Structures are given as structure tokens and as C-alpha cells.
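The values are calculated or read from the model by the stated rules, or taken from the named source; none is laboratory data. This is a predicted model, so every value here is computed, not measured. Cβ: placed from backbone, ideal geometry, glycine included. Neighbour counts: every protein chain shown.
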Amino acid sequence: MTQRTDVPDIGARIDRAQPRLAWPRRLRRPGTMPLLRLALFLLTLSLGASDARAQSIVPTDEGGTDYVAADTADQPTFPRPIADPQSTAGYRIGPDDALAITVLQAQELNSSVRVSQQGDISLPLVGGVHAAGMTPQELEIAIEDKLRGKYIRDPDVTVTATDVRSRGVSVVGAVQRPGVVQIRGANTTLLEVLSMTGGVTDAAGDTVTVLRDGVVRNDLKLDAVLEGRDPRLNVPIFSGDVVNVQNAAVVYVIGAVRKPGAFAMRGNSQLTVLRALALGEGLLTVAASGDAVVLRTLVDGARVELPIDLRAVLQAKAADIPLQPQDVLFVPTSGGKVAARATLDVLTRAVSLRALLPY
């Protein structure tokens, strides 16, 4: 009888010798495995999104340069857009306007540009685009067409105006800050434009004029516009208009008066000699009231002198004649009164000095 000898199972020995992979004991607790699977699923989604983004810009069959998306961590920031969306109603891009342009599929193409004086902008890959005269929506379509042909299958472009400088209105005349103001939309009114300049000055006259294309479109009473008695007078203002707040006509009061100067005739269209004298705060004691004169310049440039006896006018013995713009009321001094006044001043000083001297 043959004796049986047990042969060791080499395969089993090798299998037992191999180290077994086992999850750490902490991960084998109940409820841990579902969380681990969820984390792996989210990681897979993140990697897939990165791959999709890397392939968002691809060359088409029409040819074109390969363009690989880069990291967006260092993307440029842009000025904040116009706050009020209603202010851009009817807006069309013009020279010197600033635009923020974003491309959803490729943030590397985002740009902040200013329209040139010729109305053009320049963008990466797109090149030059004539933007003046377009609405932001029309410019979006133009840029999308250029990108779709070579680089992006279905681009999504957004154009936002961040600084509008092409809608200038010139404001001149008697305002606090004359110059060019920028209007935002098509519904800007005359009062809004005047408020942008800080309002009218004390030298403002009775009339405000709106010129468009060199033609007077509105010639309005300033007081009626400012008081808002008739909303129809608060007319709309458009880009390129010129608003002129006319200076008030003035008369000049000089000579022996307490407050000589130039005085506006605004609201004083019937300014007379006595009213002008009241604006000058009356006569000095040395005034030769009987020898006053009104100097008036005629249309042909000739100057005439109109004698005025202020003493008689004050006593209602002579007519209080009306003054005209640019008239000069001159009140001379009396030589005798000046000499008497000088003598009185000397005597007064002498008496005062004597009182101070010791006996």
C-alpha cells in the first residue's frame, strides 16, 4: 500500500502571502461608505466640467488658430455698468464711450474698451469692429458672428455701457458750471440739464434758448420753466443740443452813489432812473444831484447824453425816465460840497485833537 504524502498548496500559500487591501477601520463604520461615494461622484463632475471648458474654443473645419482656455483666476475686472436700466433707453454707442464686453464661453476674451473717435473698437481674436451708431444688442450680434465663424460654436456675448461720453449737450450762458454735460437717455428734460450745471446764476436773464442743428427750436421764459407752471415748457433735450441761458441786460450806476455797480434788469424790464438809484442805495452827501446824466449807446454805436435832474425827479417835478440795456447813470460830485466836506473833516479832527491835549 502506497503511503500518501500531503503536498502543500503552493497557490494558497502565495495567496495568503499577498497583502490584502482593506479600508481603514474608521471608513468601515456604518454610514461612511455612502458619503465616500458621494464625494467621488462630485469629484468626477468637477473634472468633467474642467474638460468641457478646456474644449469650449476649438477650430472649425474652416480653419483657424487653436486657442486653449486658460485659468480664469486672474481675469480682469470691469467698471460697474449704468445703474438705471431705463437710462439706456434708445442708447446708441458713440465715440469715447466705454464698453464692458464679456464672452460667456471664454472669459479670457472679456474686455473693457473705449470707442475711438472714428467709432471703432478692437477685441482679441475678433479684431476691429465699427461700433458707433449701434445699440449694445446689435454690437453683441456682430461680435458673436465673428467668433462663431472661427473659434466658438455658439458664442454668448454681452455688451454693457459703463461710461457714456458721446451724448454731450453744451450749456452756455448764465449757469453755475457752463460746459458740456452728458445725458444718459432719450428722456432727459431741460430742467435736468440745467440741474447738471448747478442751476442758473443771479446774472441770468428772462430767456433760455434751445438750439438743435444750429436752429432755434425753443425760446422759453426762464422763470416759467423754473417754476414749472406749465410742464410743456420742460422740453426734451437730445444729444448735440445747445442750451443757452441768456444773461440779463444790465445798467450801470456809477459816481456819487453808495453802491456803484452793474445791476441786472431781469424782472425789471421797466427799470427807471429812480429804481436804478435805489439799487445803488442812494446818493452820497457830496453828490451833485442836479447834474446827473444818462449815457446811452445807440444801435449805430453813437453815444448820447441825457441830462437828469435827480433833485427834480425825487421831488416828482420831473419825469422818471425808463432806462435801456447798457445805459450808464452817472452822478457827479459837487466841487463846493467836496470842499465843504473836506473843511468839515479838518475841523472835526482839530476839535477831537484839542480835547485830547492837556491844559
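Matching residues to (1) crowded, with 18+ Cβ neighbours inside 10 Å; (2) aromatic (Phe, Trp, Tyr); (3) at pLDDT 90 or above:
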position	(1), (2), (3)
ILE82	no, no, no
PRO85	no, no, no
GLY90	no, no, no
LEU99	yes, no, yes
VAL103	yes, no, yes
ALA106	yes, no, no
ASN110	yes, no, yes
ASP120	no, no, yes
GLY128	no, no, yes
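Just one of the listed residues (GLY173, GLY179) is over 21 Å from GLY94 (Cα atoms), not assigned by TED's automatic domain parsing to the domain that holds GLY94 and not β-branched (Val, Ile, Thr), namely GLY173. For the condition in contact with a helix residue (DSSP H, G or I) (Cβ under 7 Å, 6 or more places away or on another chain), exposed (fewer than 13 other Cβ atoms within 10 Å of the Cβ) and either assigned by TED's automatic domain parsing to the domain that holds THR333 or within 30 Å of VAL172 (Cα to Cα) (or both), ASP309 does not qualify. Only one of the numbered conditions (1) basic (Lys, Arg); (2) closer than 30 Å to VAL193 by Cβ; (3) in the same structural domain as PRO332 (by TED's automatic domain parsing) is not met by LYS259, and that is (2).
Any residue that is aliphatic (A, V, I, L, M), in contact with a Phe, Trp or Tyr (Cβ under 7 Å, 6 or more places away or on another chain) and at pLDDT 90 or above - is there at least one of those in region 255-276? Within region 255-276 (the criterion being aliphatic (A, V, I, L, M), in contact with a Phe, Trp or Tyr (Cβ under 7 Å, 6 or more places away or on another chain) and at pLDDT 90 or above), the answer is yes, since at least one residue qualifies.
Report whether or not ASP202 is loosely packed, with under 14 Cβ neighbours inside 10 Å, in the same structural domain as ILE101 (by TED's automatic domain parsing) and at negative phi.
On the way: loosely packed, with under 14 Cβ neighbours inside 10 Å: yes; in the same structural domain as ILE101 (by TED's automatic domain parsing): no; at negative phi: yes.
In short, no.
Summed over region 202-218, residues that are touching a helix residue (DSSP H, G or I) at 6+ places or on another chain (Cβ under 9 Å) and among the small types (Gly, Ala, Ser) total 2.
Given the condition part of a loop (DSSP other than H, G, I, E, B), at pLDDT below 90 and more than 52 Å from the chain's Cα centre (by Cα), answer yes or no: does some residue in region 328-338 qualify? Yes; the residues of region 328-338 include at least one that is part of a loop (DSSP other than H, G, I, E, B), at pLDDT below 90 and more than 52 Å from the chain's Cα centre (by Cα).
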